[in-house]
């Protein structure tokens, strides 16, 4: 269940910033565990030092990954294709 995964990411010690990817292709960075609230059917994410916030239904969360793994996947997808 995605809420259990998110709870595990938020409770890590030391905390490791992570990324939430949605089924619509958006991504949200979680730089601090105090900016997130896990609700019954959605997650609330506040943006640091602003009034911006997001409510994401658990059903629309496609992936949760650490920022290191997200950077590695972007790097591998940018590899040049060999010439034909």
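Taking the stated definitions as given, is residue 6 within 20 Å of residue 68 (Cβ to Cβ) and within 11 Å of the chain's Cα centre (by Cα)?
Here the answer is yes, as residue 6 does meet what is asked.
Got a sec? Which of 46, 70, 37 is surrounded by 15 or more Cβ atoms within 10 Å (Cβ to Cβ), touching a strand residue (DSSP E or B) at 6+ places or on another chain (Cβ under 9 Å) and at pLDDT 95 or above?
Going through 46, 70, 37 in turn, the sole match is 46.
Would you check which residues across region 8-26 are surrounded by 13 or more Cβ atoms within 10 Å (Cβ to Cβ) and within 19 Å of residue 60 (Cβ to Cβ) and list them?
Those that are surrounded by 13 or more Cβ atoms within 10 Å (Cβ to Cβ) and within 19 Å of residue 60 (Cβ to Cβ): 9, 10, 18, 19, 20, 21, 22.
The values are calculated or read from the model by the stated rules, or taken from the named source; none is laboratory data. All figures in this text were calculated on a predicted structure; none of them were measured in a lab. Cβ: placed from backbone, ideal geometry, glycine included. Neighbour counts: every protein chain shown.
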